[in-house]
Each structure stands twice: as structure tokens, then as C-alpha cells.
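The structure appears right after this line, and notes come after that.
The values are calculated or read from the model by the stated rules, or taken from the named source; none is laboratory data. Just so it is clear, the structure is predicted and the values come from calculations on it, not from any experiment. Cβ: placed from backbone, ideal geometry, glycine included. Neighbour counts: every protein chain shown.
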Amino acid sequence: MPSEMIAVDGLASKCPLDRAWETGKIAAMFSDDTDNAPRRMRKQGRDHVTATRQAKRAAAEALGVDAAFIDAMVERFYGLIREDETLGPIFASRVEDWPAHLDRMKQFWRSILHNSGEYSGNPMRKHVMIEGVEEAHFQRWLALFYANLRAMEVSEAGREIVALRARAIADSLLTGIVIHRSGLLGGRAGKNLPHYG
């Protein structure tokens, strides 16, 4: 048998893993101490994510931005959207099941404001597919959003944090739409969107 080959269970093999197993190197990798390391690291990662989510939620709730606020905000806001001459028809042509859409938007906003992780979806893809949506639509969306926030009972700091997130979302979606249509020239398409205040 050539010198680089070894016999394992009567079979000739030149696989380095076979040699490592024979010399005990692989067995050491699977000992109790090392076997638990990846599991411990995954648990530490999950614990960190959970702690971060709890901290973000607690910070938002301290400002009055709790789950009940988010539910009421979404319900009121989309009530305004449905009645709006500019945005109402766009939403009406795409939303077939309003209760399901509102539930999804509540999940979205809890994910944004509480880092709940319960929303999964691709808002960019859905908005890019809407023909004719322009900056004026996002300006109107933000105007309604800000008006809705002003009418709600929440701390001013709570309003500001929600408004900041809404503007960032509008900016991101508008920029994505313009880049999709025009290329990188639309890289700062949302720069002129209104700010809260």
C-alpha cells in the first residue's frame, strides 16, 4: 500500500479525514466541550436579538408608542388614505382585502417601531410595480401620515420617532422606484420629501 494511504476498518484510504479520525483529532472536535460551542453561540445570538427587541420596544412604549397606539395609528391612517382623492384610487385598485391589509400593516409598523420581527415581505417590490407613482404621491402620503400623528394621543417625542421612520420609509421607497425606472440618477429621489414638524 502506498505510504500516503492508511487502512481504516480493513479498507485502504488516503482521505485526510480518515487519518484525522484515526489519530483522534476529529473525535476531539466532537467532545462535549466543543460540541456545545456552536449551540452556545447560537443561543447567545438569539438572546442578544431578544434583548435588543425588548429594549427597542420598551423605549418606544415609554414614549407612548405601544401596540395599541400602532393599531389605532394604522386604522386611522388607512381610513384617511381610503378617502383621499389622490391616494385612495391607487390603494383601492390594489387592496382586495382591507382587514388583511391592515393586519399586515400593523405587523409592519410593529416590526419598524418595536423591532418585533413579525413582518416579512418586500415592500419595495410591491411599490416598484405601481406605474405612475411619483414624488407627489409620497408627499401626499407623508402629509396624511403627519396629520394622523398630530391627531393621536402620544408624546411629542413618540410622534417624532414615528414620523422619522415614516419619512425614511417614504424616502427609501421613492428612491427605489426612481432608481428602478431611471438608474442611479435617482439615488436621492426622496431628498425633497417633507419632514415632520
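Six or more apart or on different chains, Cβ atoms under 7 Å: show the pairs whose first residue is in the range 59-84 and under 14 Å from LYS106 (Cβ atoms) and whose second is part of a helix (DSSP H, G or I) and of a type in the set (Lys, Arg).
ALA67/ARG110; ILE70/LYS106; ILE70/ARG110; ASP71/LYS106; VAL74/LYS106
Quick grid of which residues meet (1) in contact with a His (Cβ under 9 Å, 6 or more places away or on another chain); (2) surrounded by 14 or more Cβ atoms within 10 Å (Cβ to Cβ); (3) part of a helix (DSSP H, G or I):
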| residue | (1), (2), (3) |
| --- | --- |
| GLY158 | no, yes, yes |
| LEU184 | no, no, yes |
| GLY190 | no, yes, yes |
| GLY197 | no, no, no |
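Failed condition for ALA151, given (1) within 14 Å of MET73 (Cα to Cα); (2) out of contact with any helix residue (DSSP H, G or I) (no Cβ under 8 Å at 6 or more places or on another chain); (3) not hydroxyl-bearing (Ser, Thr, Tyr), with all others met?
That leaves (2) as the condition not met.
Can you tell me which condition PRO89 does not meet? The list is (1) part of a helix (DSSP H, G or I); (2) closer than 21 Å to TYR196 by Cα, and all the others hold.
All conditions are met except number (2).
For the range 55-83, how many residues are of a type in the set (Lys, Arg) and under 12 Å from MET152 (Cβ atoms)?
1
Taking the range 74-111 as the search range and keeping residues that are under 29 Å from ALA58 (Cβ atoms) and of a type in the set (Ser, Thr, Tyr), which one is modelled with the highest pLDDT?
TYR78
Would you pick out the residues in the range 113-122 that are over 18 Å from ALA163 (Cα atoms), of a type outside the set (Phe, Trp, Tyr) and touching a residue at least 12 places away in the same chain (Cβ under 8 Å)?
Matches in the range 113-122: SER116, GLY117, GLY121.
Any residue in the range 142-160 that's at negative phi: show its pairings with residues that are surrounded by fewer than 20 Cβ atoms within 10 Å (Cβ to Cβ) and acidic (Asp, Glu) at Cβ separation under 8 Å, as long as the two are six or more apart or on different chains.
Qualifying pairs under 8 Å: LEU144/ASP84.
Name the residue that is surrounded by the fewest Cβ atoms within 10 Å (Cβ to Cβ), counting only residues in the range 162-182 that are touching a His at 6+ places or on another chain (Cβ under 9 Å), more than 15 Å from GLY132 (Cβ to Cβ) and aliphatic (A, V, I, L, M).
Checked the range 162-182; the qualifying residue surrounded by the fewest Cβ atoms within 10 Å (Cβ to Cβ) is LEU164.
When residues of the range 119-133 are filtered for being of a type outside the set (Val, Ile, Thr) and either surrounded by 12 or more Cβ atoms within 10 Å (Cβ to Cβ) or at pLDDT 95 or above (or both), how many remain?
Initially, the range 119-133 is screened for residues of a type outside the set (Val, Ile, Thr), giving 119-127, 129, 131-132.
Add one more test, that the residue is either surrounded by 12 or more Cβ atoms within 10 Å (Cβ to Cβ) or at pLDDT 95 or above (or both), and what stays is 119, 123-124, 127.
Total meeting the criteria: 4.
Any residue at all in the range 129-141 that is in a loop (DSSP other than H, G, I, E, B) and over 29 Å from ARG181 (Cβ atoms)?
Within the range 129-141, none of the residues are in a loop (DSSP other than H, G, I, E, B) and over 29 Å from ARG181 (Cβ atoms).
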